[in-house]
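The values are calculated or read from the model by the stated rules, or taken from the named source; none is laboratory data. Note that the structure is a prediction, hence the values are computed from the model and not measured. We place every Cβ from the backbone using ideal geometry, glycine too, and count neighbours over all the protein chains shown.
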Amino acid sequence: MRRLITTSAILSFLLLLVGTQLIVDAEYISAFRLTGGAGKWSDAIYDLAAYARENRDKTLLLMDWGFSSQLLALSDGRIKKFEAFVPVILAPEARQLQVMYSYMLSFNSLLVFHSPRCETFPVLKTFQQALCEYGLRARLVKVFHERSGAPAYVVFEVVRPEIEEHLGTTGFFAAREAEEWDEKRGGGIEDRDSASNHRMLGWFWGRSRSDLVTYWFTLPRTVPNIRLYIRYANEAPRERQLELFVDGKSARTLSLASTGGPGNRPQEWALANVELEALHPGKHEVRIQPAGDHQVVFLDYLYLADRELRVEPSGPCRCESAEAPVDTLFEVLGYQELPEVRLIVSPQVARAGETVLTLRVLNFDVPAIDVLYSFNGNLMPLVYGWPLDDKNSVRVLVDSTTPKGSYWYRAIRDARDGSPTAWIAVDARVEVR
Ligand SMILES: [Ca+2]
């Protein structure tokens, strides 16, 4: 009897728990229906999934937690994706930039971030620092918004200047990560900080003559004078021999000299290259096999190019040219042209420590504005929520600590509207002396 009571008590408790959860879920779902969700959980994920399905040739490097399984479910598991933020955040702080850099070098990849306010494991700043440290540029490919207009996901592509330049002069270039093979026998994937995409084909690949790995390349046109490049590491003191087959025909034997290490450091890698016969438009198979037993090597990536083209990690450059702040990128996606909306600044020349500036907004009746401005030609962090008085004005003290130079107010928006498309172009300048 006692047992029965206990059992029914537990059952009631469980029912209560489940019931409460159902009510909470129903509330969530109803909120989701009305607003499409916000922050980490919004219906922007559907647009991102559709985009991923349209770009199946790319690997999505996911730079935050919380959208991998939804993407998988919404794409029937047919997209290529990898939660790249995990190795970044698990790396010791001193190595995080290098790990991020390895993903920035990934071929055929797009980096997908949460917008800053949705980040669970913030790595956007690391990305921005790595761009600066390694002198690379990121191209903003796409932003996905919540229904409110606030950005939810943003997709970047990292620009490799040497490849851009090659393609810009009608050159041919097609690359594959060695660890993203079409067919493989022997070995496996290993992580490496100094490998592109943070990974490589390793685990004793090449130990047996029966090992092989194949990659398909698609050529849009006939490419004469084509060369195949392979980035590899060979820790043995002697050279290793690999056989190369193109479309099933033996093309060359590759002799890979020792690199003095297994690719733990950038200097333990080398770029081998061989000339191939002209290739015609269409799909071509490149197959690599060890020329005999005991030819262990590590393969990072390979590419075809029609002229001499060295594509290698450049390492840190500590250049001065920093990227535009990523935060601003997220929140400014173009300006509306509304000529009647104006921002008037007076006086136009201010003296540090002496002047009170008046910024007056015309034909834009809002309680507060966000302001986008540049200082000496550089875009500055956004100013949020400048309250306007009954004359639609805001007064700003130019004190002695105000940096001297040219201030250019370029856009304003209603501070209540966080949308990245709500900016209105204005043109007001002031010189602080
Ligand atoms: Ca690789």
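If we scan the stretch 238-256, do we find a residue that is of a type in the set (S, T, N, Q) and under 32 Å from the mean Cα position of the chain (by Cα)? So that I can check it myself, show each step before the final result.
If we filter the stretch 238-256 for residues that are of a type in the set (S, T, N, Q), which is where we start, we get 241, 250, 253, 255.
Keeping just the survivors that are under 32 Å from the mean Cα position of the chain (by Cα) gives none.
The answer is no, given that none of the residues of the stretch 238-256 is of a type in the set (S, T, N, Q) and under 32 Å from the mean Cα position of the chain (by Cα).
Looking at Glu119, Glu93, Glu146, which is the one that is crowded, with 19+ Cβ neighbours inside 10 Å, of a type in the set (D, E, K, R) and either out of contact with any Lys or Arg (no Cβ under 8 Å at 6 or more places or on another chain) or in the same structural domain as Arg176 (by TED's automatic domain parsing) (or both)? Spell out the reasoning first.
Numbers: Glu119 fails: crowded, with 19+ Cβ neighbours inside 10 Å; Glu93 fails: crowded, with 19+ Cβ neighbours inside 10 Å.
Residue meeting the stated conditions: Glu146.
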Q: Tally the residues that are within 30 Å of Arg147 (Cβ to Cβ) and not in a strand (DSSP E or B), restricting the search to the stretch 393-433.
A: 9
Q. Hey, which of the strands (runs of 3 or more DSSP E) in the stretch 169-229, taking only ones fully inside, have at least 1 residues that are closer than 17 Å to Arg307 by Cβ?
A. 173-177, 212-219
Q: State which residue is nearest to the ligand (Cβ to nearest atom) when the search covers only the stretch 153-173 and only residues that are among the aliphatic types (A, V, I, L, M) and surrounded by fewer than 20 Cβ atoms within 10 Å (Cβ to Cβ).
A: Ile163
Q) Restricting attention to the stretch 128-178, which residues are of a type in the set (S, T, N, Q) and touching a residue at least 12 places away in the same chain (Cβ under 8 Å)? A) Gln128, Gln129, Ser148
Q | Condition check for Arg252: of a type in the set (D, E, K, R), surrounded by fewer than 20 Cβ atoms within 10 Å (Cβ to Cβ) and at pLDDT below 95 | A | yes
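Take Glu179 and decide whether it is among the acidic types (Asp, Glu), within 23 Å of His294 (Cβ to Cβ) and surrounded by fewer than 22 Cβ atoms within 10 Å (Cβ to Cβ).
Values: among the acidic types (Asp, Glu): yes; within 23 Å of His294 (Cβ to Cβ): yes; surrounded by fewer than 22 Cβ atoms within 10 Å (Cβ to Cβ): no.
No: the conditions fail for Glu179.
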Q. Which of (1) farther than 23 Å from Gly260 by Cβ; (2) free of Cβ contacts under 8 Å to residues at least 60 places away in the same chain; (3) not aromatic (Phe, Trp, Tyr) does Leu242 not meet, given it meets every other one?
A. (1)
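Is it the case that Ser208 is within 16 Å of the ligand (Cβ to nearest atom) and among the hydroxyl-bearing types (Ser, Thr, Tyr)? Show your work before the answer.
Details: within 16 Å of the ligand (Cβ to nearest atom): no; among the hydroxyl-bearing types (Ser, Thr, Tyr): yes.
Judged against the criteria, Ser208 is not a match.
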**Q.** Close pairs from the stretch 370-381: first assigned by TED's automatic domain parsing to the domain that holds Ser419 and farther than 23 Å from Arg416 by Cβ, partner surrounded by 11 or more Cβ atoms within 10 Å (Cβ to Cβ) and charged (D, E, K, R), Cβ under 7 Å, at least 6 apart
**A.** Ser374/Arg410
Q: Can you tell me which residue among Ala195, Ala236 is hydrophobic (A, V, I, L, M, F, W, C), over 29 Å from Leu62 (Cβ atoms) and outside the structural domain of Thr120 (by TED's automatic domain parsing)?
A: Ala236
Q: Answer yes or no: is there a residue in the stretch 45-60 that is without any contact (Cβ under 8 Å) to a residue 60 or more places away in the chain, of a type in the set (Asp, Glu) and in contact with a Phe, Trp or Tyr (Cβ under 8 Å, 6 or more places away or on another chain).
A: no
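Report whether or not Leu228 is crowded, with 20+ Cβ neighbours inside 10 Å, away from the ligand (no atom under 15 Å from the Cβ) and aliphatic (A, V, I, L, M). I'd like the intermediate steps shown before the answer.
On the way: crowded, with 20+ Cβ neighbours inside 10 Å: yes; away from the ligand (no atom under 15 Å from the Cβ): yes; aliphatic (A, V, I, L, M): yes.
When the stated conditions are applied, Leu228 passes them.
Could we say that Arg117 is in contact (Cβ under 8 Å) with a residue 12 or more places away in the chain, in a helix (DSSP H, G or I) and of a type in the set (Lys, Arg) here? Before the answer, list the steps.
On the way: in contact (Cβ under 8 Å) with a residue 12 or more places away in the chain: yes; in a helix (DSSP H, G or I): yes; of a type in the set (Lys, Arg): yes.
So Arg117 fits the description; yes.
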